[in-house]
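Asker: Below you will find the structure I want to go over with you.
The values are calculated or read from the model by the stated rules, or taken from the named source; none is laboratory data. Quick caveat, the model's predicted, so the values are computed rather than measured. Cβ atoms come from the backbone with ideal geometry, glycine included; neighbour counts cover every protein chain shown. Protein only, heavy atoms only, side chains kept; ligands, DNA and RNA dropped before computing areas. Shrake-Rupley method; radii C 1.70, N 1.55, O 1.52, S 1.80 Å.
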Amino acid sequence: MEDQQNLTWLSQLQYQAGVVSRQQALDAGFTGKAIEWRLGTGAWRRVQRGVYATFSGKLSREARLWAVVLRLGAGAVLSHETAAEIQHLTDRPIQQIHISVPKEQHPGRHKKIRGVVIHRSRGLVAEWQPPWHLPRTTVEDTVLDLIAAARIFDDAYGWISAAVGRRLTTPELLGKALASRSRMRWRGWVTAALQDAADGVHSPLERQYVHGVERAHGLPPARRQARRRHGSGNRYLDNLYEPFGLCVELDGNAAHPAEGRWRDTHRDNANLVQGARTLRYGWPDVTEYRCRTAAEVAEVLRRQGWTGTLRRCGPACTALRARPGPRQQR
């Protein structure tokens, strides 16, 4: 029995990055005196109230996360940007730790903790994880929480793009999670955005093109994320107007490194070999200069046989009088 207890204790230390709660130590057979002795000698140290690091030296990020989870106790899960970090929704971790606790728990139990943002959530459901993984909200709830906290809707759509583009979830699962929430910021926009994501619109830039350039000006719908065979692999084109041999590629980087420019050139050349010309646009082209962009796309489509009619996106639209040609310096 004692050997089994030791094995459980050692396993717990390993999967919690060397951090344990006081209760876990007591359950493992340590007495209060034994715990205090270890703290007094420096073998252990307090990292949160009732939570100890069983080693000396700098705490790892994982150890810091476990310390906060253990301090807040049963039901506490990492959420928002911190859940996004461990779910690989983002590649840029933030210093603050975000954690959600059940709204039903007494608020006095969750006093302010330095460097920690505590969210109280009704109907909190944790993503299923084995016991050696940090508890966190589901990917779908993480995305919806981040949407609700976003500054602007383009930022909100970026979280949908990341989750779907990295294949961490699907628009259908996000839709189910959205339907289960009685209150949700931007609900109508989010619902429409999920449909866009299901149609292959995988970034805020692509969404700006679809809504601000293509649909607003009456251009024909392109096929999104169109797969094309190239050499031994596949390429995915942002917007392919297949009947008219035109591809519209979108690039969100203002400054392209040399290798990126060559990669784009190779892609464009490959498109031409396969019978599709390429127009390439960035963020200003689909926002500030969207009417001129629509006029350029329409002109190429017409030359390739499109018989549709370009329309104004609003009273100030310049698409119908814009003349394709060299773009102004900006």
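Asker: When T191 is evaluated against the numbered criteria (1) open to solvent by less than 30 Å² (accessible area, probe 1.4 Å); (2) assigned to a helix (DSSP H, G or I), which criterion, by number, is the only one it fails?
Answerer: (1)
Asker: May I pose another question? Go through segment 91-104 and give me each residue that's in contact (Cβ under 8 Å) with a residue 24 or more places away in the chain and surrounded by fewer than 19 Cβ atoms within 10 Å (Cβ to Cβ).
Answerer: Within segment 91-104, P93, P102 qualify.
Asker: Okay, next question. I'd like the residue in segment 28-50 that is open to solvent by 70 Å² or more (accessible area, probe 1.4 Å) and closer than 17 Å to V69 by Cβ and, out of all such residues, is modelled with the highest pLDDT.
Answerer: Across segment 28-50, the extreme among qualifying residues is R46.
Asker: When A74 is evaluated against the numbered criteria (1) within 29 Å of D145 (Cα to Cα); (2) free of Cβ contacts under 8 Å to residues at least 60 places away in the same chain; (3) in contact with a strand residue (DSSP E or B) (Cβ under 8 Å, 6 or more places away or on another chain), which criterion, by number, is the only one it fails?
Answerer: Looking at each condition in turn, A74 falls short on (3).
Asker: Continuing with the same structure: Look through A25, A74 and report the one residue that is under 20 Å from V116 (Cα atoms) and of a type in the set (G, A, S).
Answerer: A74
Asker: If a residue has to be part of a loop (DSSP other than H, G, I, E, B), open to solvent by less than 40 Å² (accessible area, probe 1.4 Å) and closer than 17 Å to H98 by Cα to count, how many in segment 51-67 make the cut?
Answerer: So the count comes out to 0.
Asker: Are any residues in segment 165-180 open to solvent by less than 50 Å² (accessible area, probe 1.4 Å), closer than 19 Å to D155 by Cβ and not hydrophobic (A, V, I, L, M, F, W, C), and if so, which ones?
Answerer: Once the filter is applied, which keeps residues that are open to solvent by less than 50 Å² (accessible area, probe 1.4 Å), closer than 19 Å to D155 by Cβ and not hydrophobic (A, V, I, L, M, F, W, C), segment 165-180 yields G165, T169, P171.
Asker: Among the residues of segment 297-317, write down those that are of a type in the set (S, T, N, Q) and touching a Gly at 6+ places or on another chain (Cβ under 8 Å).
Answerer: Q304, T309
Asker: Keeping to segment 75-104, report how many residues are of a type outside the set (V, I, T) and under 14 Å from T137 (Cα atoms).
Answerer: At the first step, the residues of segment 75-104 found to be of a type outside the set (V, I, T) are 75-76, 78-81, 83-85, 87-89, 91-93, 95-96, 98, 100, 102-104.
Filter once more, so that each one left must be under 14 Å from T137 (Cα atoms): 75-76, 78-81, 83-85, 87-89, 98, 100, 102.
Residues that pass the stated criteria total 15.
Asker: To continue, here is another question. From the residues in segment 80-90 that are aliphatic (A, V, I, L, M) and closer than 15 Å to G158 by Cβ, which one is surrounded by the fewest Cβ atoms within 10 Å (Cβ to Cβ)?
Answerer: Step one: list which residues in segment 80-90 are aliphatic (A, V, I, L, M), which gives 83-84, 86, 89.
Right, trim to closer than 15 Å to G158 by Cβ and you get 84, 89.
Numbers: A84: 28, L89: 20.
Per the criteria, the residue is L89.
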